Amino acid sequence: MIKYTFLFLLLSSMLFVACSNNQSSNAEIAKTVSVKESTSTTQSTSQRDTTGLLIFDTFEEFDYLLHQENDTTYVINFWATWCKPCVAELPYFEELHQKYKNQKVKVILVSLDFKKSLDKHLYPFLKKNQLQSEVVLLADSKTNNWIDKVEPTWDGAIPVSIIYKGKNRKFIGSDVENFTELEDILKSILNQ
């Protein structure tokens, strides 16, 4: 009887350790995609997947992120893993996030990758690059219905970004050349 009790305790301990390690792994994945809970009170049917990535199936669910009325400055970058200029400028947004993370500045990287290819493209990209900025997926493929709602002058090409605080907005309709350019645009919003 003591022998079986010892064996049961040993197996239970091993199972507990295995489960604990799996939870750590899941936490690391969630940290890798760097998704944080939204502070908006707007109702949304968006959902987080098993990695913690916030997925917006429609633009209407996502739209509130473009219209926050508080004392935070938002830097929203539209990008995709298949877009070379987008990927090339991501380090500037990451640097901006790191430099201003203790201020009221929030960097949100809005992936326009296809929802059906998350496992093949977006998740591996996020894991490999360990982005620290908040990453969300806007999976609404009906871009012609919502591009002009983001910015009337936007032709649909990416990368593009919007930096705003309240009603003060700056649309960046092309790729950012370097960190200094991006930071200067942010400072112009912060100083108003």
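For (1) among the hydroxyl-bearing types (Ser, Thr, Tyr); (2) under 15 Å from residue 77 (Cβ atoms); (3) at pLDDT below 95; (4) not in a helix (DSSP H, G or I), each residue gets a yes or a no:
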{"position": "93", "(1), (2), (3), (4)": "no, yes, no, no"}
{"position": "109", "(1), (2), (3), (4)": "no, yes, no, yes"}
{"position": "162", "(1), (2), (3), (4)": "no, yes, no, yes"}
{"position": "177", "(1), (2), (3), (4)": "no, yes, yes, yes"}
{"position": "183", "(1), (2), (3), (4)": "no, yes, no, no"}
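In this structure, is residue 141 within 27 Å of residue 52 (Cα to Cα), in contact with a Lys or Arg (Cβ under 9 Å, 6 or more places away or on another chain) and part of a loop (DSSP other than H, G, I, E, B)? Yes.
For the range 130-153, a residue qualifies if it is surrounded by fewer than 20 Cβ atoms within 10 Å (Cβ to Cβ) and closer than 23 Å to residue 91 by Cα, and the qualifying residues are 130, 132.
Among the residues of the range 76-91, the one identified as within 16 Å of residue 163 (Cβ to Cβ), outside any strand (DSSP E or B) and either among the aliphatic types (A, V, I, L, M) or modelled with pLDDT under 95 (or both) is 90. Of all the numbered requirements in (1) outside any helix (DSSP H, G or I); (2) over 21 Å from residue 53 (Cα atoms); (3) among the aliphatic types (A, V, I, L, M), residue 135 misses one, and that requirement is (2).
The values are calculated or read from the model by the stated rules, or taken from the named source; none is laboratory data. Everything numeric here is computed off the predicted structure, so don't read it as measured data. We place every Cβ from the backbone using ideal geometry, glycine too, and count neighbours over all the protein chains shown.
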